[in-house]
1. Could you line up C:D174, D:D57, B:D180 from fewest to most neighbouring Cβ atoms inside 10 Å?
2. Once you have the Cα-Cα distance between D:A43 and D:Q171, take 0.36 nm times their residue separation minus that, and quote the gain in nm to one decimal.
3. Please give the Cα centre distance for the range D:1-75 versus the range C:168-218, rounded to the nearest Å.
4. Which FRET efficiency value, to the nearest 0.05, do you get for C:E206 and C:D35 by plugging their Cβ-Cβ distance into 1/(1 + (r/R0)^6) with R0 = 60 Å?
5. Could you tell me the largest-minus-smallest coordinate of the C-alpha atoms of chain A on each of the three principal axes, in descending order and whole angstroms?
6. Counting Lys and Arg as +1 and Asp and Glu as -1, each charge on the Cβ, what is the dipole of the range B:14-452 about the Cα centre in debye, to the nearest 20?
7. Rounded if a/c is under 1.5, else prolate if a/b beats b/c, else oblate: with a ≥ b ≥ c from the C-alpha gyration tensor eigenvalues square-rooted, which is chain D?
8. How much of the pair distance distribution for the protein assembly as shown lies past 67 Å, counting alpha-carbon pairs only, in percent?
Amino acid sequence: MGVRRYTKMAYKDPDEMVFGHAKFPVLEHWNVQFGAGYVVPEVKVAPEPGTERSKETLVKEMASIAEQAAARAVDIGLPAFMVEQEHVFQQTYHADWGYACTLAQAEVLKKYYDEYGVCAALRQTVGDLRIEEKGGLRGSEYDNAIAQCVEECCKAGASDICAETMGGKSVLDYGVMRGDIRAILFGIGYLGSIDMEYFWKRTVAQCAKYDTRPAGDTNCSGANTCMYVAGGLLGKDMSHTGAALARAISAARSLVAVECGATGPLKDCGYENTIIKAITGVPICQEGKNAVCAHADVMGNLTCQVVDCWSNESVFHREEMGGPTPAVWLQATGYEAALMNTAIQTGNAKTLRDLYTFTDMFRDPQGTLLAYPNAYRVGKAIVEYGKDIYLRARAAALEASKIMMEAYEAKLLQMTRFELDTLRKYTSILESLPMEAEIFVDQCMREYPRKIPTFDPKSYGL
Amino acid sequence: MGVRRYTKMAYKDPDEMVFGHAKFPVLEHWNVQFGAGYVVPEVKVAPEPGTERSKETLVKEMASIAEQAAARAVDIGLPAFMVEQEHVFQQTYHADWGYACTLAQAEVLKKYYDEYGVCAALRQTVGDLRIEEKGGLRGSEYDNAIAQCVEECCKAGASDICAETMGGKSVLDYGVMRGDIRAILFGIGYLGSIDMEYFWKRTVAQCAKYDTRPAGDTNCSGANTCMYVAGGLLGKDMSHTGAALARAISAARSLVAVECGATGPLKDCGYENTIIKAITGVPICQEGKNAVCAHADVMGNLTCQVVDCWSNESVFHREEMGGPTPAVWLQATGYEAALMNTAIQTGNAKTLRDLYTFTDMFRDPQGTLLAYPNAYRVGKAIVEYGKDIYLRARAAALEASKIMMEAYEAKLLQMTRFELDTLRKYTSILESLPMEAEIFVDQCMREYPRKIPTFDPKSYGL
Amino acid sequence: MALLDWAKKADFDMIFKRYNVIIEGPAIKPEDDPDVKKVLPTAEPFKSLAMAVIFGDSEKAVQAAKSALDRGTAPLDVIEKGLAKGMDAVSALYAKGAYFLPDIMLSADAMTAAMQVAEQKLGRAREKKGTVVSFVAEGDPHDIGKNLVVMFLKANGFEAIDLGRDVPNSQVVDAVKKYKPVMLTGTALMTTTMTAFPKVAEMLKEQGLSVPVFGCGGGAVKRDFVESYDMGVYGVKAFHAPKLAEAALAGKSFKDIRKEYPKIVGEFVAEYADRM
Amino acid sequence: MALLDWAKKADFDMIFKRYNVIIEGPAIKPEDDPDVKKVLPTAEPFKSLAMAVIFGDSEKAVQAAKSALDRGTAPLDVIEKGLAKGMDAVSALYAKGAYFLPDIMLSADAMTAAMQVAEQKLGRAREKKGTVVSFVAEGDPHDIGKNLVVMFLKANGFEAIDLGRDVPNSQVVDAVKKYKPVMLTGTALMTTTMTAFPKVAEMLKEQGLSVPVFGCGGGAVKRDFVESYDMGVYGVKAFHAPKLAEAALAGKSFKDIRKEYPKIVGEFVAEYADRM
Ligand code: B12
Ligand code: B12
């Protein structure tokens, strides 16, 4: 399979984008469609501690999560839903566990689909076990285990496959800790994009053999780490403007999965998905106000704006007063999806979209950046340099900077000194970077391999 | 204080009602207003098991809940919030515990108010400890303990006081189990209303001495019990049409608190609050899609329609991956409130209101009944017989029945045979009831004291 | 009004589905249900006795009992071959969602009324399967679950001692001493009252009392809590109570019952999904 | 576009408030901060050394160290009276929200660079306060928290042994045998990897190894879990690590540290709110 770089936007105008609708909807088995005119709620639950001790206990745990979710879906009348399972180590490492766990969930969902006609989808997100400093990203024991596991999940009936690959992590981590925007750009934008191509060419080819969609990959290890480290308004670890720049850069990286043939719905924790949807037109999953169980972000409503599959991120598997968590959190995302579907059915989708967006657009620089008209601008900056993974990542960051500064100058977005100072500093560094990828890589390769012991250039063919 | 019965509606037209706005807004200390043009998010967290073992541990627990909530409020930028504490037995029974627990929370909230200017309110909901068959509802040891506790909570700085009184419970429980609609009407509508008057005359007089609002009382022991027993679509214990009738009846009962001088914001778990707001114009709290932690209802969005304070109901005090539950669930309600406030600020409140309503209006008969135009109709039926607590409760139920049948006949609301059959049966029983309270009471008194050993007529002055 | 306009154009199926309506089969008479047929007696007077219970008709049940006794049917047969079979049928109908709680209550009332007639003739109360003591924890007013448990136990032939709500721990222990039940059921719904369970368990142990099963259910109470102390078994649905009591009668320990819960109650139980 | 029209008329204060902007005081130079003044040396060459660290300027720090040593200042004084004071000031600034993580990292880099110069002169490495071993649990790739812990420990004069991520339990035990640390810090973020902690604790116990403190933090890991096994102390923020290590050095047991956590780290910690 080749890599088809995007040099044009899928949407002519940001206003065309709205939740529940994608230019290229995706059909999965058990009759679920994404982006075809309705929003699908998703639930994701982490296995209980200890259940990883044997294949048998983990398989039971998986079946139980699916069953509890499905039972609630029916009890409150959800037309469709998705169960996602993010693999723990053992599930991916032992391909036979991955198979058995997927099968157990597939059987439950099929039973409910047959009995009630409730549409259901099953996502398996394999774990990226690869460790740069232990065997590298390519062809290592861990890398091979992942490839095998993908195959088995497809066989066992997964509706789609996702991942959160870690390419570039070593350099990115260094950049986050030092506030080094060039390292962030190199880690996410360059190294990340290279590894994505390696990983997704393979995965797309594997899925093609089955009734399983290659759905996509989020930059959890990069942009989400930045967002998480940046924290709430009183966080002290990373500036929110810096986190916003990392997010813009990550769009250029996560786009690569689609360029390799991933179809969506893109994985929920990619807050960069609005940008990628604008470029490619594929459906996306997102998380936000109903993912408070998993982490605190400062844009809980905004991420609904153009979502096609609405997720809770991840929660402990245990009991609430309102029932087991797979039921409780599917109900949470289910009701939000129902509201969006009502808006679609009554012709108010765009109004509701704008309400979601406006609620968080100026709460934080990250919200400003991701508000769909601005996300669209970042997308345009990317496709302008679409064929060059370095230049497009740099352009994304520069456009992001412009967007935030404009909002600040229009007195819409307030910033602290720290936010403003880092933004200015990072911007001038970004501006001063070379216009040729080769020179940029050269510069980076002179510095980072020396400073970062875990960085393994061979993993990127460098 | 007298009892001022309502014989007219506060709103001329249901369309005047919308979230964040009440005819009679309520101001509480630390600068929070309810119904004054914005929605306030609320969080409520049950103390950890074991913390009830001593006054000291419970006080610490209370402070910790308040602190965790307040810290998150600031971290995500909420302009205002409310902390509600529903008392456990010890907190109400020992007035000095009630005092110390309230004080500990008040100090925390005041600290945040002073430091950040974040507006905060503190609700104390005393426990109705009274047991009909153990000393009765009036003047018993438990009754006196409640009165004392209310006084101490006011002194310690509570912004408002609520309760969920249990008057009529003995007869209602019998009615639920037997599917006896007359017992439900007698229990909630008649006995409940009598006890409310006893309880709220006293409580309103107590609050008047302090800077504390007497906020109101929900029919948890009646209508919520029915809703809970009715469960989801596949529930087998009570028909949803029956639960809807109980809800309509409960509006006539919960109204009494306001007639005795309660000002609102009415307590969250009163799904009947839309009806009472329509009649009285006082602000209301509500719960729904962000109360999935506490219980499953089938109208998670609808209850937002005219809310002034948005609650999570109640959750275990523990850690989520996203932080401690007071933080996590305040964020959940906080983001929903933010969406509503955005709608208000941008002139889209009525559209969003209607989306909320429409999402659940035909999901279940209970939603059909409570959709604000229908809730308004029930309110009108109540005020028409406003001076007679029996006739108005009966009228509420009959109007509710009409509403559901109309929706069914218009092919908007689908019903199962069980739902339809019970609705028809109950309706004909209700229709056949006498038009004089005295005769009705006479009939009931001939049957229920004999059949229900826990029913104590003296507790109602009968 | 926007809502009514919307109702005309919206496709409800995209917003919600009423699965209860969707899966509803054609209306059939209770006696035509295959599971009822399995237990329903075909011979008279037993059939009429059972049918009166199935329809929850107290008057008819009493009449049928009287006329059967008059015609010489043994009182114990009236109960066991007639009334009890009717109640079995009702349980089957409830389990499959064809009958609802009030139906069960009315059937139980009918059965009780008719049984009293038979017992009068018998000259004594029918022997019960066994005794169960039920209570609601100290400081807790939530008693509907407990009331259901008591009702289901009685309807299924157990002696159920109802201690009421807000019951001091010591009173529970005294009752166990006095009645030597096969099972003790505690109900609590609050984080701060469920803590009574381990205390009661501890007190029972101290006194050398071993109640084979200590079943508890309710709002804030979850399986992991109940299983964190000895003798605790987490009860999910009130109608499970008689089946659990039967298991206890059959000599199963609290550990067995924990492990085999779904098998014992004979249905999928989400809370025990990992033990299916 | 609706969004821009709305921006003109909406009162943002009703939707959100940026409290970080609201509470921001006037900009002051770091050296003017009262808490910095308390620790900042006034005499030269110490002041320049400290200031270079505060500004995170490695070059200046190295230069200042060289020139101080040239002029005869004792290497240990360069470190302790100069560089370390600068780092103390940086910690104070971070704690109050005036400095951010990258500032600390750059300061730590500056301090390390200058310290190497002083140590060269000294002829040996400065004695460390104590050794701490840090690891990320088996099967877990989340290592940022651990990296921060290691950085903070180093910056505060501890020897930090970094075992990396996805570390087998046995390797952790071997490292404890080998380095005899005052404290062992494990990091895990997942429900299914945090289970390594009790296993490691058990293995240590079996081998008769008693590490006074076994600190762990991260996403799915919560206090109650960590306190459910012996030696476990729940760590909240990476910058707490040096303070915890100091407490361990001072002879506090894991039980003491659990109880006094907020006091030891000297700030309000929501996770320990009940122990304030
Ligand atoms: C109705 C209700 C009430 C009614 C109870 C009426 C009554 N007759 O019992 C009233 C209004 C009295 C009430 C009062 C209060 N309540 Co209340 N209440 C509820 C509610 C909504 C439903 C409970 C209910 O009746 N369920 C239906 C019955 C049938 O269910 P059940 O008892 O659980 O029984 C089922 C199973 O558990 C099982 N079962 C039970 N026992 C057994 C035993 C065996 C052997 C088996 C097999 C099965 C079994 O069988 C049943 C199903 O078939 C719950 C919500 C919830 N999530 O549970 C809150 C809830 C329990 N209440 C709560 C609270 C806080 C209170 C108050 C303290 C509030 C206040 N301050 O006013 C007061 C109590 C004051 C006091 N005296 O201390 C909280 C508890 C929080 C906490 N601390 O843990 C809850 C969880 C609501 C919430 N999320 O906030 N409440
Ligand atoms: C970023 C991230 C990643 C990155 C990690 C990058 C990196 N370099 O570490 C990547 C992309 C690699 C990743 C991967 C995965 N992740 Co991840 N990830 C996160 C996320 C969003 C943030 C973690 C983070 O970096 N936080 C910032 C750091 C600084 O925090 P920290 O490590 O907790 O450290 C703080 C404290 O804990 C403390 N601390 C830590 N150690 C110590 C020690 C002491 C002594 C002290 C005092 C303090 C202390 O100090 C720090 C604060 O100052 C979390 C969300 C969350 N709620 O935690 C999910 C999360 C941990 N990930 C999760 C999952 C599921 C995964 C995957 C399994 C998903 C998958 N199938 O692909 C994979 C792992 C695959 C595998 N190999 O098995 C889940 C875990 C669910 C579960 N089962 O429990 C989480 C909780 C997200 C969620 N809610 O779903 N993830």
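1. Details: C:D174 13, D:D57 19, B:D180 23.
Listed from fewest to most nearby Cβ atoms, that is C:D174, D:D57, B:D180.
2. On the way: separation 128, 0.36 × 128 = 46.08 nm, distance 4.74 nm.
Full extension of this stretch gives 41.3 nm more.
3. Each part reduced to its Cα centre gives a spacing of 62 Å.
4. Values: r = 46 Å, r/R0 = 0.76.
In this case the efficiency is close to 0.85.
5. Rounded to whole Å, the extents work out to 62, 51, 40 Å.
6. Numbers: 43 positive and 57 negative charges, 164 e Å.
Dipole magnitude for the range B:14-452 comes out near 780 debye.
7. On the way: a/c = 2.00, a/b = 1.05, b/c = 1.91.
It comes out oblate by the Cα gyration axes.
8. Distances greater than 67 Å cover 11 percent of the Cα pairs.
Where a number appears in this text, it was derived from the coordinates with a stated rule and is not lab data. Predicted model only: the values in this text are computed from it and were never measured. Please note: Cβ atoms are built from the backbone with ideal geometry, for glycine as well, and neighbour counts cover all protein chains shown.
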